[in-house]
Amino acid sequence: MKLDTPMLLKNISNQGSQKVAISEFEIKSDEHWAVLGGNGAGKSTFAAMLADEVKLGDKQRFSPFERVQLVSFEKEHGLLEREFYEDDSEFINKVDNGRTTYELITEHLREGVDIDSIIETMQLDAFLHTGFRILSTGERRRLMIARALSEDPQMLVLDEPYDGLDIAFITHLKGVIAELSQQIPVVLIVNRISHLESHITHLACLHQMELVLAGSRSEIESNKLWHQLQDMNSTPRPMPSALAGSETFITDSSKPLIEMRSVDVGYHTKQIIKGLDWKMMPDEHWKVSGPNGSGKSTLLGLISGDHPQCFGNEIYIFGNRRGEGESIWDIKRNMGLMSTALHQQYRVSITCEKVLLSGFFDSIGVYTMVTVEQHKIAAEWLQFIGLEKYASSLFKSLSFGQQRMLLIARALIKRPRLLLLDEPCQGLDPINRALIIQLVTQIADGNIAQIIYISHDAEDHLPCLTHELKFTKRDTVDEQIIPAYAISEHCFH
């Protein structure tokens, strides 16, 4: 569909607490735009403006189109909220995993849309009848894009479409987006320059809730301000204080920190993990990799105790077998966790300071007395991650990337013995990504904690990681219950 009438925003800002100021922004026929900016710069608000999902003062609409679809983490979280609200587990006498992928992508299916083609394009067959709540991060991302396409959009706004996807599907999706851009206007909202494909002709840049640059790609890439904004570096900083008694841990070098023996995890006929034998010894830091849906986040759930099947398997944490009398809080006290599941669960309406403080108590929210020392350390962490001015702001009012930074700090605030990080850099701009990678390296090199790090992205390479647990797709599946993924180990050093 050609863009006959240019879309134009001029001297305008949205109505709301997160205002983005725009002097002028125009999209013309045959222009392919990408919008960049740091965490908190206003990218998601700008995306909502483009999709006509926020009020724009006296101007009611930006787009001349009636059907503009936005894909974003905020929309995904909204859908998840609905699924939790409509959870019928208590009434149907079994766990309600939510609407299936197929039900969700056909919920608003527009007449004439070839849904089979969308399913094939987004490679949804393997989890088409799986409940939304038990999908992996990458599977949900693919579902959200398919859901938008099912409504036959006249314009598509994709806010961080590549985050949470494995490398193979990112490559595939870039081709799909380039092809879609030849049919309808597609605006990409991204953090990384590496996500700018050759079909992108125009760039815009947001900084501190203002559109500061917009124009042709060649013009913007030669602009001095563009390079200043992209080349900001995070200089090493000392870590915030630790509570008294939270000293560098000492372990017995002959005993594993974690041990799994013949671990099996699955749902009905879908096997996630089968026959896993794995140990994590002292001084080891592990990377966990593999395609979307292969079991990486499940592995972390087994370790943290958040997965219900951890008690039916032979799993040892800090020398104690799961399910043999230990308190889950005794285990969690020695762990720090940052995961997409935790991010999605953090739905309570509390301030950013309280989110950080909750890390001392392994709770969602704060329900006990907080000491002066704990308040002091929380303030240090807020300053460390550059969010000190948001201490009294509600967590929900922050951008996705800012929320991510806060939850990473929450995982670290008690100086845990074991640090579990599931795609921690998802949604972060280059500056904050560099800060987190540098911080994780500091923790490993200083023997502050042992690390298990899940990541799809080669840009998030950490030299401090010593081993890799890799999930790879099998060539054939002989039986229904045999997992589609094989597991292998690799030592980097």
How many angstrom lie between the Cα centre of segment 269-346 and the Cα centre of segment 134-167? 27 Å
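For the chain, go through all pairs of different Cα atoms, get the mean of 1/r, take its inverse, and jot down that Kirkwood value in Å. Don't skip to the answer; put the middle values down first.
Numbers: mean 1/r = 0.0417 Å⁻¹.
Result for the chain stands at 24.0 Å.
Going down the table (19/43; 19/389; 287/396; 376/414; 274/470; 414/470), which pairs top 20 Å between alpha carbons?
Check vs 20 Å cut-off fails for 287/396; 414/470.
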Can you pull out the trypsin sites (Lys or Arg not before Pro) in segment 412-441 whose DSSP state is coil and whose Cβ has at most 11 other Cβ atoms within 10 Å? none
Just to check I understand the Karplus step: with θ = phi - 60° and J = 6.51 cos²θ - 1.76 cosθ + 1.60, what whole-Hz values come out for segment 175-185, glycine and proline as x? x, 4, 5, 4, 5, 4, 5, 7, 9, 9, x
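Sorted from largest to smallest, which semi-axis lengths in Å does the alpha carbon gyration tensor of segment 258-491 give for its equivalent ellipsoid, taking the root of 5 times each eigenvalue?
Details: eigenvalues 190, 77, 59 Å².
One finds semi-axes of 31, 20, 17 Å for segment 258-491.
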What are the ³J(HN,Hα) couplings of segment 377-387, residue after residue, when phi is run through the Karplus curve with 6.51, -1.76, 1.60 and θ = phi - 60°? Round to Hz, x for glycine and proline. 5, 4, 5, 5, 5, 4, 5, 4, 9, x, 10
For a footprinting-style exposure proxy, rank 110, 141, 322 by other Cβ within 10 Å, fewest first. 110, 322, 141
Ranked from fewest to most other Cβ atoms within 10 Å of their own Cβ, 439, 56 fall in the order 56, 439
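Please report, in debye to the nearest 20, how large the charge dipole of the chain is about its Cα centre when each Lys and Arg carries +1 at its beta carbon and each Asp and Glu carries -1 there.
Working: 49 positive and 67 negative charges, 231 e Å.
It works out to roughly 1100 debye.
Can you give the % of DSSP beta bridges in the chain that are antiparallel, to the nearest 5? Could you put the intermediate results ahead of the total?
Numbers: 35 of 68 bridges.
Percent antiparallel among DSSP bridges in the chain is about 50.
What ranking do 369-377, 69-77 get when scored by the average of other Cβ atoms within 10 Å per residue, highest first? Let's see the in-between values first.
Numbers: 369-377: 13.0, 69-77: 21.4.
So the peptides 369-377, 69-77, ranked by packing, come out 69-77, 369-377.
How high is the FRET efficiency from residue 120 to residue 389, r the C-beta distance, R0 51 Å, rounded to 0.05? Numbers along the way, then the final one.
Numbers: r = 47 Å, r/R0 = 0.93.
In this case the efficiency is close to 0.60.
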Residues whose placed amide H lies under 5 Å from that of residue 272, excluding near-sequence neighbours: 265, 266, 267
Per-residue ellipticity at 222 nm attributable to helices in the chain (runs of n ≥ 4 DSSP H, -39500 (n - 2.57) apiece, nearest 500 deg cm²/dmol) works out to -8000 deg cm²/dmol
For residue 130, list long-range residues whose amide hydrogen, built 1.01 Å from N in the peptide plane, is under 5 Å from its own amide hydrogen. 101, 102
Starting at the first residue of segment 435-441, write each ³J(HN,Hα) from the Karplus equation 6.51 cos²θ - 1.76 cosθ + 1.60 with θ = phi - 60°, in whole Hz, x for Gly and Pro. 5, 5, 4, 5, 5, 4, 4
The exposure ranking of 381, 33, fewest beta-carbon neighbours within 10 Å first, is 33, 381
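FYI, it's all coordinate maths here, none of it is from the lab. Quick caveat: nothing in here was measured; it's all calculated off a predicted structure. All Cβ positions, even for glycine, are placed from backbone atoms using ideal geometry, and neighbour counts span all protein chains on display.
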